[in-house]
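Beneath this line is the structure, given in structure tokens, with notes to follow.
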Amino acid sequence: MTDRIVCGVDEVGRGPLAGPVIAAAVVLDPHNPIEGLRDSKKISEKKREKLNIEIREKAYSWCIARADVGEIDELNILHASMLAMKRAVEGLEVPVHHALIDGNRIPDLQCSAEAIVGGDNLVDCISAASIIAKVERDNEMVDMDSVYPGYGLAKHKGYPTKAHMEALKLLGVTEIHRRSFGPVKRVLEAV
């Protein structure tokens, strides 16, 4: 490792009506490169799954963190996303000197940081964070589908699809739904 340790940070799950927001921080090993890193949304699920394993095996350090539904409702989604990213960086097994953050905002960190709009498609360590965060969240929503059947969580991952909106109206709001989000709030008010 070089003297200056840099991590990439990204979050997944700002837009869904259900589930946590999940962030990841990754410090790549320059002596153990990973081919095919790019924005998690621009690669197939199968390729993401393969890269997820490779990143976890080859990265110098990685950490996945979250802000749960209660924190999202209490803080708002932006602040909850920042909290999840802060937790991911702080959870790394190595002290980081600099963080490269996907987007236009920087969480409150102990190290220097830089926001990079579109960084998940431009910077490998951010792409790696994007991939492991997305795989983690998608897998969690698949698990939630069996706990909360009928909502289609395995398919839409909590995003506000037509099927999800119809299920919300028919089945009601669960404990994993974000009550501060407009569509969920409207269903609660209609009861």
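The values are calculated or read from the model by the stated rules, or taken from the named source; none is laboratory data. None of the values given here were measured: they were computed from a predicted structure. When we count neighbours, we look across all protein chains shown, and the Cβ atoms used for this are built from the backbone with ideal geometry, even at glycine.
Could you grab the pairs with beta carbons closer than 6 Å, sequence gap of 6+ or different chains, first residue in the range 127-144 and in contact (Cβ under 8 Å) with a residue 24 or more places away in the chain, second one part of a helix (DSSP H, G or I) and of a type in the set (S, T, N, Q)?
130/40; 131/40; 131/52; 132/52; 134/40; 135/52
Can you list residue pairs whose Cβ atoms sit under 7 Å apart, with the first residue in the range 26-37 being modelled with pLDDT of 95 or more and surrounded by fewer than 12 Cβ atoms within 10 Å (Cβ to Cβ) and the second being part of a loop (DSSP other than H, G, I, E, B) and among the aromatic types (Phe, Trp, Tyr)? Count only pairs 6 or more apart in sequence or on different chains.
If the second residue must be part of a loop (DSSP other than H, G, I, E, B) and among the aromatic types (Phe, Trp, Tyr), no pairs are left.
Do you know which of the residues in the range 118-145 that are acidic (Asp, Glu) and surrounded by fewer than 24 Cβ atoms within 10 Å (Cβ to Cβ) is nearest to residue 171 (Cα to Cα)?
If we take residues in the range 118-145 being acidic (Asp, Glu) and surrounded by fewer than 24 Cβ atoms within 10 Å (Cβ to Cβ), then 145 is nearest to residue 171 (Cα to Cα).
When you scan the range 1-105 for helices (runs of 4 or more DSSP H) that lie fully inside it, which ones turn up with 1 or more residues that are touching a Cys at 6+ places or on another chain (Cβ under 7 Å)?
Helices (runs of 4 or more DSSP H) meeting the threshold: 77-90.
Looking at this structure, is residue 61 crowded, with 24+ Cβ neighbours inside 10 Å and either among the small types (Gly, Ala, Ser) or modelled with pLDDT of 95 or more (or both)?
no
Has the range 148-156 got at least one residue that is in contact with a Lys or Arg (Cβ under 7 Å, 6 or more places away or on another chain) and surrounded by 12 or more Cβ atoms within 10 Å (Cβ to Cβ)?
No: the range 148-156 contains no residue that is in contact with a Lys or Arg (Cβ under 7 Å, 6 or more places away or on another chain) and surrounded by 12 or more Cβ atoms within 10 Å (Cβ to Cβ).
Look through the range 115-151, keep the residues that are among the β-branched types (Val, Ile, Thr) and outside any helix (DSSP H, G or I), and return whichever of them is farthest from residue 14 (Cα to Cα).
Of everything passing the filter in the range 115-151, 123 is farthest from residue 14 (Cα to Cα).
Out of all the residues in the range 135-143, is one or more polar (S, T, N, Q) and within 30 Å of residue 38 (Cβ to Cβ)?
The answer is yes; a qualifying residue exists.
Which one is nearest to residue 18 (Cα to Cα), of the residues in the range 152-173 that are part of a loop (DSSP other than H, G, I, E, B) and over 21 Å from the mean Cα position of the chain (by Cα)?
173
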